[in-house]
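Written below as structure tokens is the structure these notes are about.
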Amino acid sequence: MTPTSLVFLGAPASGKGTQGRRLAELGGFFYLSTGGLLRAALRDSSSMGEQARPFLDRGEYVPDSIMVPMVMELLKSKVQNMILDGFPRTVAQAEALDIAFQDGGKEPPSAIFLDVPMDELRRRVQGRLECSACHWVASRGQTELCSKCGGPMLPREDDDVNRFESRFREFERLTFPLVTFYEERERLLKLEALGSPDDIHHRILSKLSLSKSHGSKI
Ligand code: AMP
């Protein structure tokens, strides 16, 4: 697979952020995390944050009517060489994304599905911390300060047990169908994402051939 842009699909705590960011840094892709954008909007109490807050508080997906225009606005004139972490999460979002790429004259993105069993997701979600400054993710006990920027590593609010279960149900109901969406379009790479982050990173790299054209960030 030689993609120009990639979407990371997976349940909560499947490693989308960790792997997506690593690959983006390595290949010079622009990296976009919609979860990260929403959490920043909540912290800033922006109007976007206030619209999204009730859904995030319940561990539900933010509706397509909010998410699609938000991402389409960001993609204006920037549709190239990117890694999307957490978008699309629904078929409507995937269709809108393909149209945006086609309208921008670009090859639509391929998807990497990180497949992780439920008991491992539960274990990871209980053990993960996120940097409150740059959103780097690490395991509890690994470090109290972010290895990327030195910021404080804290648990994510939506990683509590109830919200995790709700987010997982949303994933099964709304995002899992995207595996078929990308498979039918022959744009899917499905990976067993068990093992250390390094192992998974190398497994991803072994399946991709990244061209140097990714060197320019957008
Ligand atoms: P993440 O950081 O990707 O796990 O996202 C955290 C939360 O943000 C999710 O559980 C959703 O509530 C919300 N969210 C992020 N991206 C999307 C999206 N594409 N569609 C709907 N909700 C989203």
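Readers should treat all values here as calculations from the given coordinates under stated rules, not as data from a laboratory. These numbers come from a predicted model, not from an experiment. Methodologically, a virtual Cβ is constructed for each residue, glycine included, from the backbone with ideal geometry; neighbour enumeration extends over all protein chains shown.
Quick notes on this structure:
- None of ARG39, ARG53, ARG21 is part of a helix (DSSP H, G or I) and either within 27 Å of GLU107 (Cβ to Cβ) or hydroxyl-bearing (Ser, Thr, Tyr) (or both) except ARG21.
- Consider the range 99-121 and keep the residues that are in a helix (DSSP H, G or I) and over 17 Å from the mean Cα position of the chain (by Cα). The one that is nearest to the ligand (Cβ to nearest atom) is ALA100.
- Selected residue (only one of GLU170, GLU165 is touching a residue at least 40 places away in the same chain (Cβ under 8 Å), within 16 Å of the ligand (Cβ to nearest atom) and within 15 Å of ARG123 (Cβ to Cβ)): GLU165
- Note on the range 70-96: residues that are without any contact (Cβ under 8 Å) to a residue 60 or more places away in the chain, part of a helix (DSSP H, G or I) and in contact with a helix residue (DSSP H, G or I) (Cβ under 9 Å, 6 or more places away or on another chain) amount to 9.
- Residue in the range 60-94 that is nearest to the chain's Cα centre (by Cα), counting only those that are more than 13 Å from the ligand (Cβ to nearest atom) and not aliphatic (A, V, I, L, M): ASN81
- Hits in the range 1-18 - residues which are in a helix (DSSP H, G or I) and polar (S, T, N, Q): THR18
- When residues of the range 1-30 are limited to those that are touching a Lys or Arg at 6+ places or on another chain (Cβ under 7 Å) and over 21 Å from THR90 (Cβ atoms), the one surrounded by the fewest Cβ atoms within 10 Å (Cβ to Cβ): MET1
- Residue under evaluation ILE99, criteria (1) free of Cβ contacts under 8 Å to residues at least 24 places away in the same chain; (2) in contact with an Asp or Glu (Cβ under 6 Å, 6 or more places away or on another chain); (3) of a type in the set (Val, Ile, Thr), criterion not met: (2)
- Number of the condition not met by GLU130 [criteria: (1) part of a strand (DSSP E or B); (2) more than 19 Å from TYR31 (Cβ to Cβ); (3) not hydrophobic (A, V, I, L, M, F, W, C)]: (2)
- All of (1) in contact (Cβ under 8 Å) with a residue 40 or more places away in the chain; (2) farther than 18 Å from GLY17 by Cα; (3) assigned to a loop (DSSP other than H, G, I, E, B) hold for GLY141 with one exception: (1).
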